[in-house]
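Here is the structure we will look at, set down as structure tokens.
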Amino acid sequence: MIRGIDHVAIAVKNIEDGCKIWKDLGFEVEYEVIEEQGVKVGIIHIGDSRIEILEPLSEESPISKFLEKRGEGLHHLAVKVENIEATMKDLEEKGYRLIDKEPRIGAGGKKIAFVHPKSAKILLELVEG
């Protein structure tokens with residue numbers, strides 16, 4: 001079912017500050033804006049995985065609300081799955097609470113869905129790919 005870690009996401013107030021250490025370590029950062037999720041994303045490729053630095057685009061962004069409540073830091077863990085719909089159905093049948101009832105489009109145009117942190121102990125993102 002799970003094929004590996006897709007990415008680890010870190011919420012920050014300022015994307016340039018959040019990406020600085022990665023640039024100083026020699027990594028290149030790609031930027032993407034995902035309007036429907038209200039974020040600007042700094043993407044750092046590390047082998048087959050990524051680190052995503054998330055900056056809110058507005059005060060209404062879920063990332064902005066996260067920052068107000070918890071401050072900067074780890075936001076979520078994303079795992080790669082072969083078939084997101086089948087994985088979502090399986091998790092729901094096993095009693096896990098899903099935030100998304102249908103997959104949506106995330107960074108890189110991939111299908112994604114989130115599992116609620118109350119049932120996964122962390123905000124868990126499923127990424128098809």
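The residues in the stretch 78-116 that are in contact (Cβ under 8 Å) with a residue 60 or more places away in the chain, part of a strand (DSSP E or B), surrounded by 16 or more Cβ atoms within 10 Å (Cβ to Cβ) and of a type in the set (A, V, I, L, M) can be counted, and the count is 3. Considering the stretch 25-64, and only residues there that are part of a helix (DSSP H, G or I) and either at pLDDT 95 or above or touching a Leu at 6+ places or on another chain (Cβ under 6 Å) (or both), the residue that is farthest from residue 124 (Cα to Cα) turns out to be 64. In this entry, residue 74 is excluded by the filter for residues that are under 18 Å from residue 6 (Cβ atoms), touching a Ser or Thr at 6+ places or on another chain (Cβ under 9 Å) and in contact (Cβ under 8 Å) with a residue 12 or more places away in the chain.
If you check residue 50 against the conditions, is it surrounded by 13 or more Cβ atoms within 10 Å (Cβ to Cβ), closer than 20 Å to residue 129 by Cα and more than 14 Å from the chain's Cα centre (by Cα)? Judged against the criteria, residue 50 is not a match.
For the stretch 3-24, does any single residue satisfy the condition of being under 24 Å from residue 118 (Cα atoms) and more than 15 Å from the chain's Cα centre (by Cα)?
Taking the stretch 3-24 as the starting set, the residues that turn out to be under 24 Å from residue 118 (Cα atoms) are 3-12.
Checking the rest, the ones that are also more than 15 Å from the chain's Cα centre (by Cα) come to 3.
Yes - at least one qualifying residue is present in the stretch 3-24.
Of these, 12, 29, which one is aliphatic (A, V, I, L, M) and touching a residue at least 40 places away in the same chain (Cβ under 8 Å)? Before you say what the answer is, go through the steps one by one.
Values: 29 fails: touching a residue at least 40 places away in the same chain (Cβ under 8 Å).
Sole residue among the options that is aliphatic (A, V, I, L, M) and touching a residue at least 40 places away in the same chain (Cβ under 8 Å): 12.
Would you pick out the residues in the stretch 65-77 that are assigned to a loop (DSSP other than H, G, I, E, B) and at negative phi?
The first filter runs over the stretch 65-77 and keeps only residues assigned to a loop (DSSP other than H, G, I, E, B), leaving 71-72.
Correct list: 72 only.
The values are calculated or read from the model by the stated rules, or taken from the named source; none is laboratory data. Just so we're clear, the structure is a prediction, and the values are computed from it rather than from any experiment. Neighbour counts run over all protein chains shown; Cβ positions are idealised from the backbone, glycine included.
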